Structure formats: C-alpha cells, structure tokens
Ligand code: ARG
C-alpha cells in the first residue's frame, strides 16, 4: 500500500512567527450608516453575535501563540472594531490614521492615544487621509499601499518618509474592495495572495512583476472577503466561506484557520480588518 503525502514533496515547509495584535471588542458594533457597498443600515447588524464571532477570532490568535492587546471600544463609534484602520505600526513607529468619513474620524486620535500609552511613543499624526493597515500592507522589503477609495496617494509618500520603507502604490477600482486589505494579503514577508479584478491594469502588472508566484484568488472567494485574511508565515486566519482560496493555500503548504465573521461582514469587514499588527 502506498501512502500519499498530504502535500507535494516540493511544497516548502512554512514557519510561523509570533505576532502582537491589537483588537477592539465590538460591544458598540452596529450598521447605522453606509460608507461602503456592504453596509445596509436598514438591515442593520447584531452586536451580540458580532461579539461572539470576534471572541472566536481572538481565541484563534491566542491558540496560535500570538499576543493580543485590547483597546477599549467607544460608544458612538460602531466601526471601531476594525482595528486595522487605526494606524500602521512598523519598526516600533506608528503612522497614525486620518479617516475619510466623519463617522469614523474620532477613531484616529483614539488609536494614536492607545499606542502612545502602550509602548509606541513615536506616533505621527498624519497630514494626509489614510486608513492605516486597511490600505497599507507590510512585507519584508516593501509596503504595499492602496488608493482609489479611501487612502490619499499623498499618504503613501508621507508613510514612506516617516517609516523609511519603500511604499508601492496600488490602485483599487471595484467599490466592493475599497481597502487594499479586502483584495490582497501578505503570505509571510515575500509573497501575497490577491484578487486581480480589484486592481487597475497597471497595478495588476506591478503585482505580477513583484509576485510572480502569488496565490491568485477568484471572484467567489473575494466576494466573501476571503482576501481579508491574516497570515503569520504559516497559519492563515481566513473567512470559512472562501473554500477555493482555502484549498489553494493548503496546496501551497499553508495552514488555513477558518473563522466565521459573517456578522462583521455586514459592515464590510473580516478577520484582517479586526486586527492591527504591532511590529516592534
Ligand atoms: N465599515 C468600515 C468602513 O467602511 C469597515 C472597515 C473595514 N476595515 C478594513 N480594514 N478593511 O470603514
């Protein structure tokens, strides 16, 4: 009898590194306004259910060995659960957020305050509109930065100057994928998974050149926010409905960790949106 290996013999062994994440319990979560096509204030959303799903996400990170810090939720800021938008923290320096819509404006100072008081005194209050890690994704050599719906291209330059890392601009063209992190996620420090349909043709060409070995996701996986995933080098915390993507990741030697964040998706968010990485 022959035993089939679980993956191709050539599939590299992936290694996880311990991460530090900041999260915000969705106690005041609601869909009361619509600033992206996923949001329907008439249908609303259930904060109780969102908290349960979010607790399972937090538990998954802890089970994987990561450290999770918490910022207190603020009443009247229903989207504050989406911690990724609060800042971009690289090399111990924090580039603050400046939100596009007035509904979320108060979140910028709230996250900046938390960072200052919790080991990140070097916070830049930005001049230009940007929604933190929603539109800035950090790899080993470059930071990929989205524009088109939320983050101003001038913020890409501001972040590059402050952080001293090359920032590569990518243009988003589909309103369902209004933040870069809804269409692409880093697979460790040197590769990515993405949905090409979210990008302008020039930006697609840039991605093909930088990442010839990328995991390419289809529309069905993108439409359940499957690209809004979090990878620690080996494990990929990803929306459970993204079946095609989950299979593709497994084939490439990654370990998918499926989660159900269907309630938070009613605001246009997934696992990555709920997670701000704090890089020392
Ligand atoms: N309702 C929020 C907004 O439209 C969702 C933010 C999702 N966050 C993210 N990192 N993609 O601003």
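Inspection of region 28-42 identifies no residue that is modelled with pLDDT of 95 or more, surrounded by fewer than 12 Cβ atoms within 10 Å (Cβ to Cβ), in contact with a strand residue (DSSP E or B) (Cβ under 8 Å, 6 or more places away or on another chain) and in a loop (DSSP other than H, G, I, E, B). For region 227-257, taking the residues that are away from the ligand (no atom under 16 Å from the Cβ) and assigned to a strand (DSSP E or B), the one that is surrounded by the fewest Cβ atoms within 10 Å (Cβ to Cβ) is identified as 255. Looking only at residues of region 258-268 that are touching a residue at least 60 places away in the same chain (Cβ under 8 Å) and surrounded by fewer than 18 Cβ atoms within 10 Å (Cβ to Cβ), we find that the one that is nearest to residue 15 (Cα to Cα) is 260. In the set (1) part of a loop (DSSP other than H, G, I, E, B); (2) within 28 Å of residue 239 (Cβ to Cβ); (3) away from the ligand (no atom under 15 Å from the Cβ); (4) in contact with a helix residue (DSSP H, G or I) (Cβ under 8 Å, 6 or more places away or on another chain), residue 49 fails one condition alone, (1). The residues of region 90-137 that are in a loop (DSSP other than H, G, I, E, B) and within 15 Å of residue 24 (Cα to Cα), listed by number, are 106, 118.
Taking the condition of being surrounded by 19 or more Cβ atoms within 10 Å (Cβ to Cβ) and in a helix (DSSP H, G or I), how many residues in region 146-157 meet it? Of the residues in that region, 2 qualify. Evaluated against (1) within 13 Å of the chain's Cα centre (by Cα); (2) within 16 Å of the ligand (Cβ to nearest atom), residue 187 falls short on exactly one condition, (2).
For region 89-106, the tally of residues that are under 12 Å from residue 133 (Cβ atoms) and either within 11 Å of the ligand (Cβ to nearest atom) or modelled with pLDDT under 95 (or both) stands at 1. The criterion of being surrounded by 13 or more Cβ atoms within 10 Å (Cβ to Cβ), more than 16 Å from the ligand (Cβ to nearest atom), under 23 Å from residue 238 (Cβ atoms) and touching a residue at least 60 places away in the same chain (Cβ under 8 Å) does not hold for residue 84. Taking every residue in region 178-207 that is at positive phi and pairing it with any residue that is within 16 Å of the ligand (Cβ to nearest atom) and not in a helix (DSSP H, G or I), at least 6 positions away or on another chain, the pairs with Cβ-Cβ distances below 7 Å are 188/231.
The values are calculated or read from the model by the stated rules, or taken from the named source; none is laboratory data. This structure is a prediction, so every number in the text was calculated from the model and none was measured. Positions of Cβ are generated from backbone atoms using ideal geometry, with glycine treated the same way; all protein chains shown enter the neighbour counts.
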